[in-house]
Each structure stands twice: as structure tokens, then as C-alpha cells.
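Note sheet for the following structure.
Only the coordinates and a few stated rules stand behind these numbers; no lab work does. These numbers come from a predicted model, not from an experiment. Virtual Cβ from ideal backbone geometry, glycine too; neighbours counted across all protein chains shown.
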């Protein structure tokens, strides 16, 4: 029998979280039914079918001109909780522009669109699980959740890992954002230490002089359940 | 093995703008258009007020027609799928009516973790604004009654909720056209799994 993946407790946000208003029509109320990890859960898509190019990881060079805003490098590793790198896995990102506006018809925030920025990118991790994007720092933006609600600046990250159980979509935040205490989505994660794991670090050593600042952010997907032997 | 455990990264919602980064033009095609023997699975994602959810994304993952996975974790060995171009994976954003549609082949039965057989099924993830984590369900098939009756996962679900996991033939449609609605919340809420 193949070892199943761990079921993390107390890390992911609860689905029913009234401070985030949209949960109140969409979050299931019935108790989730435990699903034993069989072959469908232990396997997953590995994406050999659609070539990902190096250009896909640079969100600043996709249009005729350069986007406005602060050019940044975002890099890090994808690991599992056993400490193993996750190589050759697809990462997809999307984000607002420097003014805090998404290139999406539903976004009616009165901030300018940037014709040189669509905010989407993707890459594959290398053999050591490393990824690297070049983009611009997204702006904070208001949203309708409650009076004077603002989202801290963030980049959406979508990850597959190697198994259905490892699928993760999350958000990367920037250090020392003054909006953290006021954001119900950030604070939906119950454990304050787990919240900090969504915050990237500024990394002076990785900045490129005269060109871009740099942030590092490691992402940890679920690993195998610890065996009795390992726990002993 | 080292006993070191790295703490995992929490989930966050996809928000209302997933359409910028996630949909693929060919995402709904688990098999290429025109594949002989292909089936379609069509449905709506519906919220707790009975309204369609127009900004969700549905993903599917499944075995091939022989119940095999082209993946190193399949203990029977990674198997090249019988159907050319079969991906196992599908991804479809919902439209303004909350509707999605996949073109695929019906998977075979496959071994269950504790012996026995799991009936043909697809694992499904739903992402949307208002969901802080994905929700996971399974699609089974109404015309696999015998296999469904022996399926250990269906057996673990309350009798009165089991039907929420079963795709039915479209009465107005052709054979191989299945319907599967996903009700996120409310009286007829779909069964969602803790994976």
C-alpha cells in the first residue's frame, strides 16, 4: 500500500468564515466526508502537454511597452512537508497592476488599467523545485466586503505538486503590509504563524542593481503521512 | 527518512479574477475534440441562494478507460492511455450561467485502498470567490449501478445524500451526455470530501 498524504489540521482557513462576506452564500455547511487516499488522490496531472516557455515567467515583457510600477523578482522553492523539492511542477500566477487594478471586466476600481500589463504568468519549477518570476509590485485595492475594506498587495499562486491531494491555490503577500490587521482573507488562516508563511521576504542579495528589487517565498505542499516508525 | 516536517503553506481564495490567470482554451478537453467514444459532463455550480456561480473554476482528475494512471505513483506502473491525447485532467471556468462542460472518456474501475474496487469516478475541485479553500467532490455515473453499489466511498456517504455524487444521463440528450450540478450550500448541498 502506498503511503497517503497528510491531512493538515488548523492550517487552511475554515470554509464558513462570516468576516469574509462571500463565504455566506458559497461555503458548504455540511460536515466534509473523509475521503481515503486511493489512486485517484495519490496521482495527479503532471502537465507534459503544453509547453511553458521562459517568456511566460516574465510579466513585464509581454506587450509593446514596459508596465508602470516597481519591477520586482519573486523567487523561491516548492517543497513538500517532508522537505523534498517538487521539481517540474506548474506554477500559475495572476495579480493586479501597480495601481491596484485587475485587467478584468468585473473590476470597477477607479484606478488606471495599464496597457502593458495583463498580470498573468506561469513557470515550471526546476530540478531543485526552484521558480522565478519577474513582475511589478501589485498595488493594494479596495473591495466591497465591508466599509473601507482594502486588500493588502498580493499575488495569486496556483500549484499542482505531484498528486491531487497536493493541489493548492494561495496568495503571496509582501512584508510589513499595514493592511494585514484589517484583512479578513489574510486573517482567515487560524494560526498566526501559518499566516506569516504567506508573506514573502525582501532579499537584498537577490536584487539586481539598477534594475529590480527581489523577494523570496518558499511554498510547502503536503507531504506523506509520517509513519509510526518515523514518529518513534 | 528524516523526521523533519516543514509546515505547509495555507490556502487562500482565488478571488473574483481567476479568469486572468487560470483558464486554458483547451482546458475542458480531457480528450481531443472529435475523440471516438468521448462523453460530455455538463453542469452548473449553484450557490446557497439557488443562484448560478459565474466566477468559479471546476477541475477534474481521473483514470483512463482501463482504470490506470499515466503517473509514477500508480503501483501497476505508469500506463500510456489507450485514447490518444488523453490528459486525465480537465479545467473549465463557469460561464455567466454558472455552467461548465467537459469532454472526456468514462474512466474504468480501479483498486480501492483497502481492497475491492472503486466505481468509475472523477475527482473534482471547485474554486471560487467566497471559497477560502477548494472544495472537493466526486462524479460517479448513474449507469454504473452495480459498480456504484460496491464502491467504498459511496458506501461511506449517507443514503439521502449519495445522489448528489452521481451524474445522470441528460434526458434530452444523446447517450454519453451526462449532467452533474454542484450545489455549494443549502438543503441539497453536494457531498464534499475532506482530502
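For the stretch A:1-48 versus the stretch A:121-174, the spacing of their alpha-carbon centroids is 19 Å.
Per residue of peptide B:158-165, the mean number of Cβ atoms on other chains within 10 Å of the residue Cβ is 1.
With the contact rule set at Cα under 8 Å and sequence spacing of 6 or more, what percent relative contact order holds for the stretch B:151-195? RCO, the stretch B:151-195: 34 percent. The GNM of chain B, with springs linking C-alpha atoms under 10 angstrom apart, assigns the highest mean-square fluctuation among B:32, B:81, B:16 to B:16.
Using a cutoff of 8 angstrom between alpha carbon atoms and counting only pairs six or more residues apart, the relative contact order for the stretch B:57-97 works out to 49 percent.
Residue ranges A:111-123, B:127-139 sort as B:127-139, A:111-123 when ordered by packing (mean number of other C-beta atoms within 10 Å per residue, highest first). Classify chain B as rounded, prolate or oblate from the Cα gyration tensor: take a ≥ b ≥ c as the square roots of its eigenvalues, call it rounded if a/c is under 1.5, otherwise prolate when a/b beats b/c and oblate if not. Because its axes are fairly even, with a/c under 1.5, chain B counts as rounded.
How many Cβ atoms of partner chains, on average, are near each residue of B:71-79 if near means within 10 Å of its Cβ?
Numbers: counts 8, 3, 8, 4, 4, 1, 0, 2, 0.
That average works out to 3.
With a ≥ b ≥ c the root eigenvalues of the C-alpha gyration tensor of the stretch A:129-232, is it rounded (a/c under 1.5), prolate (a/b larger than b/c) or oblate? It comes out oblate by the Cα gyration axes. Averaged over peptide A:169-179, the number of partner chain Cβ atoms lying within 10 Å of each residue's Cβ comes to 3.
Ordered by the count of other Cβ atoms within 10 Å of each Cβ, fewest first, A:146, A:109, A:104 give A:146, A:109, A:104. From the square roots a ≥ b ≥ c of the eigenvalues of the alpha-carbon gyration tensor of the protein assembly as shown, which class results: rounded (a/c under 1.5), prolate (a/b over b/c), or oblate? It is prolate, given that a/c is not under 1.5 and a/b is the larger ratio.
Within the listed set B:55, B:66, B:181, the Gaussian network model of chain B (springs between alpha-carbon atoms below 10 Å) gives the highest mean-square fluctuation for B:66.
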